[in-house]
Amino acid sequence: MDLKSNEPFWLIKNGILNSYPSLHQDAECDVLIVGSGITGSLVAHQCIQDGLKTILIDKREVCNGSTSATTSMLQYEIDAPLYQLKEMLGEKTAIASYKACSDAIDRLAELCDSIKSKAGFRRKNSLYFASAKKDVPWLFQEFEARAEAGFEVEWLESEQILKDYGIHKNFGGILSKQGASVDAFTLAHELLALNHHKGLQIYDKTELVEVEYKKGFNLCTLNTQAKIKAKKIVYCVGYESASMIKEKFVNLLSTYAIISEVDKKLWRKYKDILMWNTSSPYLYMRTSDDFRFLIGGEDEDFQNPEKRDRLLKIKSKKIKAKFESLFPEIEFRLDFRWAGTFGETKDALPYIGEHQDFKNSYFVLGFGGNGITFSVTGMEMVSDWIKGKKHPLSNAFRFGR
């Protein structure tokens with residue numbers, strides 16, 4: 001499955017930062033990580049910290065799956081509103097899921113600082129605004145739910161949003177004090193390179209083709225005919241898990257993004273804010289660390305990469321038109337456009353945990369608009385799993401829930 005298309009901006013901007021060999025000799029490890037995107041790199045970082053002999057493989061060049069196409073909006077807000085999630089899962093689980101995403105942003109900030117990252121991590125506020133008058137009652141209910149749960153939020157009337165952010169056709173919204181953005185492609189490369197120096201073995205163009213479940217370990221055969229004897233496997237394969245797991249647990253969607261030419265004046269105005277609306281599918285906007293403005297949306301059911309990519313020109317025009325209706329005074333000069341595939345679950349939560357069909361194995365599948373923050377929580381959950389501990393969110397994120 002091709003997860004990106006037509007000039008994914010981060011890959012064009014950064015190029016191939018690091019490359020690694022394929023594996024042609026048999027090997028052994030405590031943990032085999034399958035998938036080298038931002039999720040795999042975070043999990044690998046945790047495993048090395050925990051002193052585990054770790055091998056990471058990817059069938060592509062490292063970081064060249066969906067991580068090269070992500071828009072990297074780091075939000076504590078989950079795609080399902082908190083007040084709805086409370087009704088679906090109960091108050092305790094819903095709030096814990098939201099707070100895990102909030103804590104993940106703080107942990108990413110600490111991580112980027114500790115490794116002296118150059119991936120452009122930047123803390124930002126987050127504005128969630130009503131795109132239709134009919135959305136105001138439930139959005140205000142969401143504001144109250146977040147405030148009651150202890151999140152730092154403020155309700156802004158439409159006039160204030162127009163004054164502060166220049167957004168026309170808004171009907172009020174929630175301003176949150178917790179959010180961020182990052183170049184996830186660069187950050188993943190940084191984490192892999194750092195941990196490679198600490199003993200992490202990395203092999204790209206190396207595909208897992210068969211797993212034999214033995215007593216106390218898994219014997220993994222690769223496309224190179226080499227074998228890895230691994231005590232544990234952690235699958236960080238994102239949306240490609242849909243073709244691995246027999247039951248339907250995620251709905252795959254195509255999403256589209258555009259990014260402007262360098263515009264420092266526009267960047268200065270919006271550098272500290274993430275913006276998204278209540279439309280379905282929603283429109284989301286942020287600045288990049290190199291003075292550009294990024295917009296995404298126009299999601300639809302994924303059928304195949306060819307159909308997704310054929311729609312790219314049409315979808316990018318629609319996204320640009322939506323932006324111009326919200327910001328009629330701003331001229332958006334398109335520079336790059338691309339498409340990607342992401343997953344939507346029934347409750348907007350990730351699937352992180354064991355699956356009955358995969359012994360000695362664990363999945364970290366972020367999904368939705370919170371894939372990166374869920375992956376940070378996944379680091380902790382993998383560490384607990386290997387140590388035989390139960391994470392507080394294990395039940396909420398389990399398969400078969």
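Contact annotation: residue pairs with Cβ atoms under 8 Å, 6 or more positions apart or on different chains, pairing a residue in the stretch 144-170 that is at positive phi with a partner that is surrounded by 14 or more Cβ atoms within 10 Å (Cβ to Cβ), are Gly166/Lys269; Gly166/Phe327; Gly166/Ile330; Lys169/Ser131; Lys169/Leu326. For the stretch 15-43, a residue qualifies if it is touching a helix residue (DSSP H, G or I) at 6+ places or on another chain (Cβ under 9 Å) and either of a type in the set (Lys, Arg) or not in a loop (DSSP other than H, G, I, E, B) (or both), and the qualifying residues are Asp30, Val31, Ile33, Val34, Ile38, Thr39, Gly40, Ser41, Leu42, Val43. Only a single item in (1) more than 23 Å from Tyr282 (Cβ to Cβ); (2) out of contact with any Lys or Arg (no Cβ under 6 Å at 6 or more places or on another chain); (3) in the same structural domain as Trp10 (by TED's automatic domain parsing) is not met by Pro392, and it is number (3). Scanning the stretch 360-384 for residues that are buried (at least 17 other Cβ atoms within 10 Å of the Cβ) and either among the charged types (D, E, K, R) or without any contact (Cβ under 8 Å) to a residue 60 or more places away in the chain (or both) yields Glu380, Met381.
Based on what the data block shows, is Leu127 within 26 Å of the chain's Cα centre (by Cα), of a type outside the set (Asp, Glu) and in the same structural domain as Gly371 (by TED's automatic domain parsing)? Even if it seems obvious, please write down each step before you answer.
Numbers: within 26 Å of the chain's Cα centre (by Cα): yes; of a type outside the set (Asp, Glu): yes; in the same structural domain as Gly371 (by TED's automatic domain parsing): no.
No; evaluated as a whole, the condition is false for this residue.
Among the residues making up the stretch 4-54, those that are under 16 Å from Phe185 (Cβ atoms), surrounded by fewer than 24 Cβ atoms within 10 Å (Cβ to Cβ) and of a type in the set (A, V, I, L, M) are Leu11, Ile12, Ile16, Leu17. Kindly establish whether Phe327 is aromatic (Phe, Trp, Tyr), over 19 Å from the mean Cα position of the chain (by Cα), buried (at least 16 other Cβ atoms within 10 Å of the Cβ) and within 15 Å of Ala69 (Cα to Cα). For Phe327, the condition - aromatic (Phe, Trp, Tyr), over 19 Å from the mean Cα position of the chain (by Cα), buried (at least 16 other Cβ atoms within 10 Å of the Cβ) and within 15 Å of Ala69 (Cα to Cα) - is not met. Between residues in the stretch 44-55 that are part of a helix (DSSP H, G or I) and residues that are β-branched (Val, Ile, Thr), which pairs lie under 7 Å by C-beta distance while being six or more apart or on different chains? As it stands, the answer is Ala44/Ile33; Ala44/Thr54; Gln46/Val382; Cys47/Val31; Cys47/Thr54; Ile48/Thr54, since those pairs meet every condition given.
One residue alone among Lys271, Lys177, Lys248, Lys215 is within 23 Å of the chain's Cα centre (by Cα) and without any contact (Cβ under 8 Å) to a residue 40 or more places away in the chain, and that residue is Lys248.
What are the residues in the stretch 240-259 that are under 20 Å from Lys315 (Cβ atoms), touching a helix residue (DSSP H, G or I) at 6+ places or on another chain (Cβ under 7 Å) and either assigned to a loop (DSSP other than H, G, I, E, B) or not hydrophobic (A, V, I, L, M, F, W, C) (or both), if any?
Taking the stretch 240-259 as the starting set, the residues that turn out to be under 20 Å from Lys315 (Cβ atoms) are 251-259.
The next check asks that each one be touching a helix residue (DSSP H, G or I) at 6+ places or on another chain (Cβ under 7 Å); those that pass are 252, 254, 256, 258-259.
Once the filter is applied, which keeps residues that are under 20 Å from Lys315 (Cβ atoms), touching a helix residue (DSSP H, G or I) at 6+ places or on another chain (Cβ under 7 Å) and either assigned to a loop (DSSP other than H, G, I, E, B) or not hydrophobic (A, V, I, L, M, F, W, C) (or both), the stretch 240-259 yields Ser254, Tyr256.
Residue count for the stretch 293-308, restricted to those that are part of a helix (DSSP H, G or I) and over 11 Å from Thr255 (Cβ atoms): 3.
If you go through the stretch 20-74 one residue at a time, how many are among the acidic types (Asp, Glu), within 22 Å of the chain's Cα centre (by Cα) and farther than 20 Å from Phe336 by Cβ? Working first, answer last.
Within the stretch 20-74, the subset among the acidic types (Asp, Glu) is 26, 28, 30, 50, 58, 61.
Filter once more, keeping what is within 22 Å of the chain's Cα centre (by Cα): 58, 61.
Within this subset, residues satisfying the condition of being farther than 20 Å from Phe336 by Cβ are 58.
Number satisfying all stated conditions: 1.
Residues in the stretch 309-327 that are hydrophobic (A, V, I, L, M, F, W, C), over 11 Å from Tyr256 (Cα atoms) and either part of a helix (DSSP H, G or I) or in contact with a Pro (Cβ under 7 Å, 6 or more places away or on another chain) (or both): Ala321, Phe323, Leu326.
The values are calculated or read from the model by the stated rules, or taken from the named source; none is laboratory data. Predicted model, so just to flag it, every value in this text is computed and none were measured. Cβ coordinates were reconstructed from backbone atoms using ideal geometry, including for glycine residues, and neighbour counts include every protein chain displayed.
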